[in-house]
Amino acid sequence: MTSTNVYLPQPAKVLENLRETAENFRLLLDISLQNEPGQFVQVSKLGIGEAPISIASWNRDYLMLHIREVGTVTRSLGRSKPGDTVFIRGPYGRGYPMVESEGCNLIIVGGGCGVASVKGIFDYVEKNRDRYGAVYAFVGYRNSKEVIFEDFVEAWKQSMSVFVSLDTLKEGTCYDASEGFVTDLVKITELPKGDTIAMLCGPPIMMKLSGQTLLDKGMREDQVYVSEERLMYCATGTCCHCMIGSKFTCRDGPVFRWDELREHTT
Ligand SMILES: Cc1cc2nc3c(=O)[nH]c(=O)nc-3n(C[C@H](O)[C@H](O)[C@H](O)COP(=O)(O)OP(=O)(O)OC[C@H]3O[C@@H](n4cnc5c(N)ncnc54)[C@H](O)[C@@H]3O)c2cc1C
């Protein structure tokens, strides 16, 4: 594990740049951080800029990031080749409550790019399976061309119940997926009985609907956690761009308990 000053960007070599969809790619970097699932790093390329990206791995001897190309930094990172150097600072923020949830069932819901944030939870559960009861993982994508982390699904199935949805199956898929929104899948699935913690990451509407469904099914607001995304620069609670009410997404989040954001919930 690299132990470092989180304020100081450190160089990391690109080990692999894997194209997952037309706009999304996965970077493996030769750096190992002590992070919590749900935390993020600031990734930069010299002379280009910096962007916050969720850590899609936990306790590995590499760092995995999954990135969608939307602008200057992410497109430049998308052109990275093995051997190139990028810079990493962090990890930052508050992750998912993995330790506090020990002994509970887990419901994990990821949508689209948001699966990158919950992928760290899957790594954690795989390595600490005996600490949790039933683990239900729901992942949803628009269609078969937008599926990410497909190569991990069989491994996830070894330690949890995995439910996959595609908004539309029209494109055809070898995937064992149901057609519809992932929020519908959460609605129709009988959830585990007993103490349960839910962890969600995806588009705001997905988190809102799946969170509300879980509350309607009897979960309390303090059992549901969401990961928020806001435009940010410093990641250290200084620039104030990422504030949600009085809270900093970078420092108090990005993972928040449902009731912490009730009046701001998207
Ligand atoms: C905590 C956190 C975790 C994130 N994790 C991931 C991840 O795992 N994978 C990933 O692909 N992206 C992630 N993002 C989003 C990512 O940081 C932005 O897409 C990136 O900063 C864009 O940088 P750019 O220079 O490529 O684009 P820019 O040229 O800076 O921006 C392109 C467009 O996107 C808008 N934009 C940029 N950042 C955001 C934002 N945070 N929210 C809404 N709109 C924004 C800009 O206003 C602009 O319109 C995360 C963001 C946060 C805050």
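Hey, what's the Cα Rg ratio for the stretch 121-266 versus the globular rule of thumb, 2.2 N^0.38 Å?
Working: Rg = 16.4 Å, N = 146, 2.2 N^0.38 = 14.6 Å.
That ratio works out to 1.13.
Ignoring ligands, DNA and RNA, please state the percent of accessible area on the chain from carbon and sulfur, probe 1.4 Å. Intermediate values should be presented prior to the final figure.
On the way: 5990 of 12000 Å².
Looking at the chain in its full context, I get 50 percent from C and S.
Debye sum, Cα scatterers, the stretch 35-116, no solvent: what log₁₀ I/I(0) at q = 0.25 1/Å?
Rounded to two decimals, the profile gives -1.37.
Kirkwood Rh over Cα pairs of the stretch 70-193 into Stokes-Einstein at 4 °C, 1.567 mPa s: D in µm²/s?
79
Any idea what log10 I(q)/I(0) is at q = 0.22 Å⁻¹ for the stretch 115-164, Debye with uniform C-alpha scatterers and no solvent?
For the stretch 115-164 at q = 0.22 Å⁻¹, log10 I(q)/I(0) is -0.79.
In straight Cα distance, which lysines are under 25 Å from LYS157, not counting same-chain residues fewer than 8 positions off?
LYS119, LYS127, LYS145, LYS170, LYS187, LYS193, LYS217
Over the stretch 158-232, what is the relative contact order in percent, taking alpha-carbon pairs closer than 8 angstrom and at least six residues apart? Kindly include the intermediate steps, with their values, before the conclusion.
Values: 63 pairs, mean separation 19.3, N = 75.
Relative contact order for the stretch 158-232 comes out at 26 percent.
What are the principal axis extents of the Cα atoms in the chain, in Å, biggest first?
So the extents along the principal axes, rounded to whole Å, are 50, 44, 33.
Between the stretch 223-253 and the stretch 1-75, how far is it from one alpha carbon centroid to the other, in angstrom?
19
Where the centroid of each part is defined by its Cα atoms, how far is the stretch 160-221 from the stretch 129-158 in Å?
Centre-to-centre distance over Cα atoms comes out at 12 Å.
Solvent-accessible area per residue for the stretch 97-140 at a 1.4 Å probe radius, Å²?
On the way: 1170 Å² over 44 residues.
Value returned for the stretch 97-140: 27 Å² of accessible area per residue.
Please compute the contact order of the stretch 25-121 in relative form: average sequence separation of alpha-carbon pairs under 8 Å and at least six residues apart, divided by the residue count, as a percent.
On the way: 175 pairs, mean separation 36.0, N = 97.
This gives 37 percent for the stretch 25-121.
Given an 8 Å cut-off on Cα distances and at least 6 residues of separation, report the relative contact order of the chain as a percent.
Numbers: 592 pairs, mean separation 46.0, N = 266.
Dividing the mean separation by the residue count of the chain yields 17 percent.
Two decimals is fine: what's Rg over Rh for the stretch 29-83, C-alpha atoms, Kirkwood radius as Rh? Before the final figure, lay out the partial values.
On the way: Rg = 11.4 Å, Rh = 11.9 Å.
Answer for the stretch 29-83: 0.96.
The values are calculated or read from the model by the stated rules, or taken from the named source; none is laboratory data. No experiment lies behind these values; they were computed from the predicted model shown. For the accessible areas, the whole protein counts, side chains as well, though only heavy atoms, and no ligand, DNA or RNA atoms are used. Shrake-Rupley method; radii C 1.70, N 1.55, O 1.52, S 1.80 Å.
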